[in-house]
Amino acid sequence: MNHLGTRTIETERLILRKFKLDDAENMYKNWASDDEVTKFLRWPTHSDVEVSKSVILRWLDEYSLENNYQWCIEIKETREAIGSIGAFNISDNIESLEIGYCIGKFYWKKGIVTEAFYAAIDFFFSEVGVNRIEAKHDVNNPASGKVMIKCGLKFEGILRKASKNNMGICDIAVYAILKEDWLKQFMD
């Protein structure tokens with residue numbers, strides 16, 4: 001794979017970019033402090049803006065790594081940070097990675113996560129040289145699975161009691177897309 005680090009990606013409505021310390025207020029206000037947003041996530045709800053600042057400071061340090069991909073989802077029109085999307089479980093050996101995302105509930109059901117996820121998938125397949133992209137969600141959060149399907153991922157199965165989030169130990173649904181599947185959509 002040709003790791004490029006967190007590069008800015010623009011879509012019709014969004015800018016996916018590196019986080020800045022100034023984003024801490026929006027991060028806390030828009031998504032990280034909301035128990036409903038973090039319900040199915042693996043990290044705890046932020047108790048105050050200082051927690052958001054410490055997370056962003058850690059991410060700022062990690063931006064020096066070429067295989068680090070952690071984007072702030074910014075609305076172009078308002079220039080407001082409304083969520084995050086990033087890659088983890090990166091395997092150079094099998095050219096794969098997993099993508100996770102989170103946005104504030106005010107922005108749910110507006111196609112924003114789909115737009116951001118689609119852009120990240122395109123970046124990883126066309127520029128980084130990834131062959132497989134996975135995404136997972138708690139089976140009690142089917143809305144996340146709908147985003148995965150809209151972006152072309154295929155349901156691969158349920159891993160029973162395979163993860164832990166803020167609701168406890170949970171079953172997770174696994175989805176994936178291969179580069180060859182991604183390229184087919186442009187040939188049809």
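The values are calculated or read from the model by the stated rules, or taken from the named source; none is laboratory data. Bear in mind the structure is a predicted one, so any value in this text is a computation, not a measurement. Don't worry about glycine lacking a Cβ; one is built from the backbone with ideal geometry, like all the others, and counts go over all protein chains shown. All accessible areas refer to the heavy atoms of the entire protein, side chains included, with ligands and DNA or RNA removed. Shrake-Rupley method; radii C 1.70, N 1.55, O 1.52, S 1.80 Å.
Here are E66, E80, E74: which of them is of a type in the set (D, E, K, R), touching a residue at least 24 places away in the same chain (Cβ under 8 Å) and surrounded by 19 or more Cβ atoms within 10 Å (Cβ to Cβ)? Walk me through it before giving the result.
Working: E66 fails: surrounded by 19 or more Cβ atoms within 10 Å (Cβ to Cβ); E80 fails: surrounded by 19 or more Cβ atoms within 10 Å (Cβ to Cβ).
Just a single option satisfies the conditions, and that option is E74.
So is S47 more than 27 Å from M1 (Cα to Cα) and crowded, with 18+ Cβ neighbours inside 10 Å or not?
Working: more than 27 Å from M1 (Cα to Cα): yes; crowded, with 18+ Cβ neighbours inside 10 Å: no.
Considered against the rule, which asks whether it is more than 27 Å from M1 (Cα to Cα) and crowded, with 18+ Cβ neighbours inside 10 Å, S47 comes out as no.
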Worksheet item: What residue, among those in the range 102-136 that are open to solvent by 20 Å² or more (accessible area, probe 1.4 Å) and assigned to a loop (DSSP other than H, G, I, E, B), is farthest from I75 (Cα to Cα)?
Response: N131
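For V147, state whether it is over 24 Å from T8 (Cβ atoms), hydrophobic (A, V, I, L, M, F, W, C) and buried (at least 18 other Cβ atoms within 10 Å of the Cβ).
Working: over 24 Å from T8 (Cβ atoms): no; hydrophobic (A, V, I, L, M, F, W, C): yes; buried (at least 18 other Cβ atoms within 10 Å of the Cβ): yes.
Judged against the criteria, V147 is not a match.
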Worksheet item: Assuming F88 fulfils every condition listed in (1) within 19 Å of S144 (Cα to Cα); (2) in contact (Cβ under 8 Å) with a residue 60 or more places away in the chain; (3) open to solvent by 40 Å² or more (accessible area, probe 1.4 Å); (4) not in a loop (DSSP other than H, G, I, E, B) apart from one, which condition is it?
Response: (2)
Item to complete: Kindly list, by first and then second residue, each pair from a residue in the range 163-183 that is without any contact (Cβ under 8 Å) to a residue 40 or more places away in the chain to a residue that is in a helix (DSSP H, G or I) and surrounded by fewer than 13 Cβ atoms within 10 Å (Cβ to Cβ), limited to pairs with Cβ atoms under 9 Å and residues at least 6 apart or on different chains.
Response: A173/P142
Fill in: All positions within the range 150-180 that are part of a helix (DSSP H, G or I), of a type in the set (D, E) and either surrounded by 12 or more Cβ atoms within 10 Å (Cβ to Cβ) or within 15 Å of the chain's Cα centre (by Cα) (or both)
none
Discussion item. Can you confirm whether R42 is touching a strand residue (DSSP E or B) at 6+ places or on another chain (Cβ under 6 Å), at pLDDT 95 or above and among the basic types (K, R)?
Written reply: no
Discussion item. Please go through the range 18-44 and give me each residue that is touching an Asp or Glu at 6+ places or on another chain (Cβ under 6 Å) and open to solvent by less than 40 Å² (accessible area, probe 1.4 Å), ordered by number.
Written reply: N26
Worksheet item: Within the set of pairs 6+ apart or on separate chains, which have a first residue in the range 116-140 that is under 14 Å from C151 (Cβ atoms) and among the acidic types (D, E), a second that is open to solvent by less than 30 Å² (accessible area, probe 1.4 Å) and part of a loop (DSSP other than H, G, I, E, B), and C-beta atoms under 9 Å apart?
Response: E134/L153
